[in-house]
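The values are calculated or read from the model by the stated rules, or taken from the named source; none is laboratory data. A quick note: this is a predicted structure, and the numbers were derived from the prediction, not measured. Here Cβ is always computed from backbone atoms with ideal geometry, including for glycine, and neighbour counts include all displayed protein chains. To get the accessible areas, we keep the full protein, side chains included, count just its heavy atoms, and leave off ligands, DNA and RNA. Shrake-Rupley method; radii C 1.70, N 1.55, O 1.52, S 1.80 Å.
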Amino acid sequence: MCLIPCSFLAVDLSLVRFITTELTRGYFLEHNEAKYTERRERVYTCLRIPKELEKLMTFGFFLCLDAFLYVFTLLPLRVILALLRLLTLPCCGLSGSRLLQPAQVCDVLKGFIMVLCYSMMSYVDYAMMYHLIRGQSVIKLYIIYNMLEVADRLFSSFGQDILDALYWTATEPKEKKRAHIGVIPHFLMAVLYVFLHAILIMVQATTLNVAFNSHNKSLLTIMMSNNVTAVTKFTNYILLLIVCLRNMEQFSWNPDHLWVLFPDVVMVIASEVAVDVVKHAFITKFNDISADVYGEYRASLAFDLVSSRQKNAYTDYSDSVSRRMGFIPLPLALLLIRVVTSSVKIQGSLSFMCVLLFYLGMITLKVLNSIVLLGTSCVFVKEAKMEEKLFDPPPSVVSSQPTADKGGIPLASDNPPPANMAETSVPTIPKSDSDTFLTTPDEDDDKIINANTGLEGDGLEHRTPKKDLLEIDRFTICGNRID
């Protein structure tokens, strides 16, 4: 008779018990309900990204279109009216009044910048640039295009500051102490900037044209799918228009060649939309951002549009879009004018009539687009509960109010606050003078969680408080970075 050792029996029973436990053990997800709820919300956020993103992109696209059309339609008319006022006002004997209003001075400066830069662009040889870039290898084209995109963002970041410095220097009240180098140096810097930025965009369009005419269509898709913003998407569409104009000119405006270009254009646009959705889905996931932030950004852009239409507005609408979104229409418009004038030959009275009808059509499109955008923006502002902020004084008036040295608490003033404003004990967050803004109230979710779990001061409080939307930098909203 064979006897089984006790040690072997114990081991065998332990192994059986372990296997039985592994097969029958259970767990309860509700013990960590907050974690799994958060994971589910992340999935829902990714599913909401395409809709919310395209709503924001569409609104931002039409904002850029409105500012872009302004350069071709209303700006020339405003410059003509300002010049007529400049010529006729001294003849009327009104020597005590200002010759031009500040807005008219800015319009005249924009017009002079466009005229000078266009005359300088006429000396740039597009054909030589095309053949120079065409001789590069495929990998070099991809690197060149990426470098041009980075340079374009740097130019946009610094360019609006140059233009704002020129506008303020030209319209600054004379009674103030002079603290600048003069209008002419600022004007020359602005002309140089617009010219160099237009050259940069021309090289970008030429590189894209080379990719269009090459046999490697995958390079075209990769080059055009690097954008994440509405500004870059609008710029790419203008570049596509320039490429189509140049190609149609080379084929003597043969309509059949347009259908050859059409599949590539559709492929580029479709790839842009797909890549944008994927990129923003990962951005929101890894940064723990809710899909509602796109609605807040859209409300911020709408607030800028509505506030620029106010009687006490301190900036032009196109300049407001440039500061908020990083879109400067002057260099891009200058390049498009240069390409159109070199590609399309106008001869005869019928051609001039076509140009006039096209110009009237652009004015009609601009007016309709502005009306629709203004009405839509009013709806967005009302939904975000920002109406009261529209009646606030300009930032210069707000910043001039006395404040205490400690704590940033405003001192008592002669003008009491409105009676309908509720008093609160929440400390005031300091706001910048350039971008003062109102946002929807934050929920006290973190406080409730900390009170229920007793984890105050633990890792749950590492999140930084939400900023007011108008305090966000101009490149954060639909611009060139997402913090």
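Details
- If you filter region 150-161 down to residues that are over 23 Å from Val340 (Cβ atoms) and open to solvent by less than 50 Å² (accessible area, probe 1.4 Å), you find that the one that is modelled with the highest pLDDT is Ala151.
- Filter pass, Arg134 being of a type in the set (Lys, Arg) and farther than 26 Å from Gln250 by Cβ: no
- For Lys279: the one exception among (1) open to solvent by 20 Å² or more (accessible area, probe 1.4 Å); (2) in contact (Cβ under 8 Å) with a residue 12 or more places away in the chain; (3) under 20 Å from Phe62 (Cβ atoms): (3)
- The one condition in (1) closer than 16 Å to Pro331 by Cβ; (2) crowded, with 16+ Cβ neighbours inside 10 Å; (3) of a type outside the set (A, V, I, L, M, F, W, C) that Gln104 fails to fulfil: (1)
- For Pro185, the conditions (1) touching a residue at least 12 places away in the same chain (Cβ under 8 Å); (2) more than 27 Å from the chain's Cα centre (by Cα) are fulfilled apart from (1).
- Within region 324-343, the only residue that satisfies the criterion of being surrounded by fewer than 22 Cβ atoms within 10 Å (Cβ to Cβ) and charged (D, E, K, R) is Arg338.
- Hey, Thr24 open to solvent by 50 Å² or more (accessible area, probe 1.4 Å), among the hydroxyl-bearing types (Ser, Thr, Tyr) and either within 30 Å of Ala333 (Cα to Cα) or modelled with pLDDT of 85 or more (or both) or not: yes
- Residues of region 122-149 that are closer than 22 Å to Phe234 by Cβ, open to solvent by 30 Å² or more (accessible area, probe 1.4 Å) and hydrophobic (A, V, I, L, M, F, W, C): Ile144, Met147.
- Only one of the numbered conditions (1) among the polar types (S, T, N, Q); (2) in contact (Cβ under 8 Å) with a residue 60 or more places away in the chain; (3) within 26 Å of Leu241 (Cβ to Cβ) is not met by Gln204, and that is (2).
- Those residues of region 50-89 which are touching a residue at least 40 places away in the same chain (Cβ under 8 Å) and not in a helix (DSSP H, G or I), in sequence order: Thr73
- Cβ-Cβ under 8 Å pairs, at least 6 apart or on other chains, region 320-338 side without any contact (Cβ under 8 Å) to a residue 24 or more places away in the chain, far side of a type in the set (Asp, Glu) and open to solvent by 10 Å² or more (accessible area, probe 1.4 Å): Ser320/Asp304
- Residue check for Arg85: open to solvent by 60 Å² or more (accessible area, probe 1.4 Å), modelled with pLDDT of 85 or more and either touching a Gly at 6+ places or on another chain (Cβ under 6 Å) or on the phi < 0 side of the Ramachandran plot (or both): yes
- Residue in region 119-129 that is over 28 Å from Phe212 (Cα atoms) and at pLDDT 85 or above present: yes
- Looking only at region 290-314, and only at residues there that are open to solvent by 40 Å² or more (accessible area, probe 1.4 Å) and not small (Gly, Ala, Ser), the one that is farthest from Glu387 (Cα to Cα): Asp292
- Counting only residues that are in contact (Cβ under 8 Å) with a residue 60 or more places away in the chain and among the charged types (D, E, K, R), region 247-264 holds 1 of them.
- So Ala170, is it at pLDDT 85 or above, open to solvent by 30 Å² or more (accessible area, probe 1.4 Å), in contact with a helix residue (DSSP H, G or I) (Cβ under 6 Å, 6 or more places away or on another chain) and hydrophobic (A, V, I, L, M, F, W, C): no
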